[in-house]
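**Student:** I am attaching a structure below and will ask some questions about it afterwards.
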Amino acid sequence: MGLRHLFHQSSPANQPSDTTPAPPTDQAETETIRRIVRQLEQVDPSRCLYLAGFAYLLARAAHADLTVTEDEAAEMEHVVSQIGGLPMPQAVLVVEIAHNQNELYSGTEDYLVTREFNANATDEERRAAVAACFVVAATDGDITAEEYAELTQIAEELGLSRAELNVIRDEHKDQLSAIKKMRAQQAGAQPQS
């Protein structure tokens, strides 16, 4: 699999016929989803691939500690909307799809999706993706060792140099749990005045 299955756009004629009746849904909600999907169909396919990979990387960073909080999901939506230039309803849908794919297939998809994103992104887009992953991981004010390891792995898979990673990491050094712990230990070891 790859990025293409995240936003596979097929015409109704190419979809298998299913005679099973659909479960009842709220009509307004269904129409909203259909409207968003129609809007996403207007987005250039290469842009869809970029957005799918970008959102997947954010979900990967958020899921590094095996849980995605509501704040992390909201931050991913905000970032995808801002960087992707999407209206918020579209960004929510993109993030939800990427988040679900990450939860279902993270073990097998992480490297494949990241490799495909890397092949189609510019150097600037790669750096921006890693920086955005740091922002998502730092949403709760703490980047754990597990999250930092995943962020480092993402940066390496995207071909960022150690120096590029260090620049991004330095912007978030106050949220790194290892640095917080070290500072707390130093503060506790210093003599009281």
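**Student:** Counting only heavy atoms of protein chains, what accessible area per residue, in Å², does the range 96-165 have with a probe of 1.4 Å?
**Tutor:** 46
**Student:** What share of all Cα pairs of the range 38-116, in percent, falls into each consecutive 10 Å distance bin?
**Tutor:** Here the calculated profile for the range 38-116 is 20, 54, 25, 1.
**Student:** Add +1 for every Lys or Arg and -1 for every Asp or Glu among the other residues with Cβ under 10 Å from the Cβ of TYR56, and state the total.
**Tutor:** Computed value for this residue: -2.
**Student:** Under the 0.36 nm per residue contour assumption, what length would be gained going from the current alpha-carbon distance of ARG162 and VAL37 to full extension?
**Tutor:** Value of the extension gain: 41.1 nm.
**Student:** Sorting check: for 65-74, 127-136, 144-153, 94-103, which peptide has the highest mean count of neighbouring beta carbons within 10 Å, and how do the rest follow?
**Tutor:** 127-136, 94-103, 144-153, 65-74
**Student:** Taking H placed 1.01 Å from N in the peptide plane, check which residues at least 5 places from LEU176 or on another chain put their amide H under 5 Å from its amide H.
**Tutor:** Long-range HN contacts for LEU176: ILE143.
**Student:** Per 0.36 nm of contour for each residue apart, how much would the distance between GLU171 and GLN27 grow if the chain were fully extended, relative to their Cα-Cα spacing?
**Tutor:** 47.3 nm is the gain from fully extending GLU171 to GLN27.
**Student:** Here is a follow-up. Tell me, what are the semi-axes, in whole angstrom and largest first, of the equivalent ellipsoid of the range 91-134 as set by the roots of 5 times the Cα gyration tensor eigenvalues?
**Tutor:** Calculated on Cα positions only, the semi-axes equal 19, 14, 9 Å.
**Student:** Can you sort MET88, MET76 by 1.4 Å-probe accessible area, starting with the largest?
**Tutor:** Final ranking, largest accessible area leading: MET88, MET76.
**Student:** Continuing with the same structure: Excluding THR152 itself, calculate the net charge of residues whose Cβ lies under 13 Å from the Cβ of THR152, where each Lys or Arg counts +1 and each Asp or Glu counts -1.
**Tutor:** Summing Lys and Arg as +1 and Asp and Glu as -1 gives -3.
The values are calculated or read from the model by the stated rules, or taken from the named source; none is laboratory data. All figures in this text were calculated on a predicted structure; none of them were measured in a lab. All Cβ positions, glycine included, derive from the backbone under ideal geometry; neighbour counts span all protein chains shown. Only protein heavy atoms, including side chains, enter the accessible area calculation; ligands, DNA and RNA are left aside. Shrake-Rupley method; radii C 1.70, N 1.55, O 1.52, S 1.80 Å.
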